[in-house]
Amino acid sequence: MTTGPHLVFNQIKSSDTGEYYCEAWNGMKTGTSESININVKYKPKNTSVSVSPSGEIVEGSSVTLTCSSDANPPVDRYTWYKKNVTSPKASGQSYSITNIISEDSGEYYCEAENKYGRLNSSSVSLDVQYGPKNTSVSVSPSGEIVEGSSVTLTCSSDANPPVDKYTWYFQNETFLNGFGQIYNISKFKSKDNGHYHCEAWNGRGSRNSTALMIILPGKQTSVLTAAVGIIVVVLVLILCLSGLMWFRKKSSKSPSDTRDTSENVQGDSSPVYDNISGMVMTPTAAQTAATVDQDDVHYASVHFSRSKNQEVPLYSTVQLHQPQNQEEDVQYDAVKFNRPSNANRPRAAQAAEDSSEIS
């Protein structure tokens, strides 16, 4: 309240908005004027952001940001920004993020604007929590490992809150005292060859790394060597099976096959007997047998015998006769040859048979 005929606002403020009237007094009577309303216009002020829900934000949940601002006339446009990102994220008094992920973490603010001006809010931080991911194992030294040297394994993982427990595994079995982000093997030996992996854990979950193979040089059989070994084994098996089948086939021949083979052999050898017969009965031999000038004449009965199931041996029975006086009558013996049919014998043998009886 002031006195005087004038009310002066040196620097009008939004708080000056309201209804005003004046009262006049002349010592005898007081009069009141009509009221006048003063509406002070101003740009947005006291711009702020609120987050719902207000507690911890877990990956996969939904979050809503709300922008508030005092302005006259009221704010007619809201714009949302993420710090260090130039382009706007959204517009409207509220900004909702559904199925939030770790990449949504950061600082957000809004801008309120009316026709008299604009004003940015202070930023609010979104801290999205999640279990370990991208877990991996690194080895030092990274080059060739020498037996007896020191080897250091380091487990790394992305997590929020940070990993608070690491567990180490060798060949899928837990290490004794294998805890902590770093695991050291002071003297590496061949027994330490194998797969190593770690498990990272925080309050939001756990995640295993991929297995890392660590081995001393020359102790690991290459894939090519293994493949060659398998091929060699297969070839040996094939050869063994082939030999076994051949042996069984040979041993399972029927007796009739054997007989046929024997007969074929005998048939092939029959010309031998014919030739022998021919040789026996050549003219020279006949002349020798018929010669009577010698003192002793020996006659023989020659008989060839063949077995059907066996190879034909050559044998003869020779019977010696006692010498006789020349004055006595000479007796002649008959020589008989048993041989195959005439169709299979040579002509010389047939001629010999015609002269087989000696008179």
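Figures for the structure shown
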| item | result |
| --- | --- |
| Residue tally, condition out of contact with any Phe, Trp or Tyr (no Cβ under 8 Å at 6 or more places or on another chain) and touching a residue at least 12 places away in the same chain (Cβ under 8 Å), over the stretch 86-100 | 6 |
| Positions within the stretch 57-80 being open to solvent by 30 Å² or more (accessible area, probe 1.4 Å) and within 49 Å of the chain's Cα centre (by Cα), in sequence order | 58, 59, 60, 61, 62, 64 |
| Candidate set from the stretch 198-247 (those that are surrounded by 10 or more Cβ atoms within 10 Å (Cβ to Cβ) and in contact with a helix residue (DSSP H, G or I) (Cβ under 8 Å, 6 or more places away or on another chain)); member that is modelled with the highest pLDDT | 214 |
| Residue tally, condition out of contact with any helix residue (DSSP H, G or I) (no Cβ under 6 Å at 6 or more places or on another chain) and within 28 Å of residue 158 (Cα to Cα), over the stretch 89-104 | 10 |
| The one condition in (1) surrounded by fewer than 16 Cβ atoms within 10 Å (Cβ to Cβ); (2) modelled with pLDDT of 80 or more; (3) small (Gly, Ala, Ser) that residue 15 fails to fulfil | (2) |
| Single unsatisfied condition, residue 83 versus (1) surrounded by 12 or more Cβ atoms within 10 Å (Cβ to Cβ); (2) at pLDDT below 95; (3) under 29 Å from residue 158 (Cβ atoms) | (1) |
| Scan of the stretch 18-56 for residues that are open to solvent by 90 Å² or more (accessible area, probe 1.4 Å), part of a strand (DSSP E or B) and among the hydrophobic types (A, V, I, L, M, F, W, C), ordered by number | 25, 36 |
| Test for residue 136: is it among the hydroxyl-bearing types (Ser, Thr, Tyr), closer than 30 Å to residue 51 by Cα and modelled with pLDDT of 95 or more | no |
| Matching strands (runs of 3 or more DSSP E) fully within the stretch 115-154 where at least 1 residues are surrounded by 12 or more Cβ atoms within 10 Å (Cβ to Cβ) and not hydrophobic (A, V, I, L, M, F, W, C) | 117-120, 128-140 |
| Complete set of residues in the stretch 155-177 that are more than 28 Å from residue 215 (Cα to Cα) and part of a strand (DSSP E or B) | 159, 160 |
| Candidate set: the stretch 178-187, residues that are among the small types (Gly, Ala, Ser) and not in a strand (DSSP E or B); chosen: the one surrounded by the most Cβ atoms within 10 Å (Cβ to Cβ) | 180 |
| Total residues in the stretch 71-89, condition under 27 Å from residue 41 (Cα atoms) and not in a loop (DSSP other than H, G, I, E, B) | 7 |
| Pairs, first more than 24 Å from residue 43 (Cα to Cα) in the stretch 1-24, second polar (S, T, N, Q) and not in a loop (DSSP other than H, G, I, E, B), C-beta under 9 Å, six or more apart | 21/32; 22/32; 23/30; 23/32; 24/30; 24/32 |
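The values are calculated or read from the model by the stated rules, or taken from the named source; none is laboratory data. Worth saying up front: this structure is predicted, and the values here are computed from it rather than measured. Cβ sites come from the backbone with ideal geometry, for glycine too, and all protein chains shown count toward neighbours. Side chains included, ligands, DNA and RNA excluded: accessible areas come from the protein's heavy atoms. Shrake-Rupley method; radii C 1.70, N 1.55, O 1.52, S 1.80 Å.
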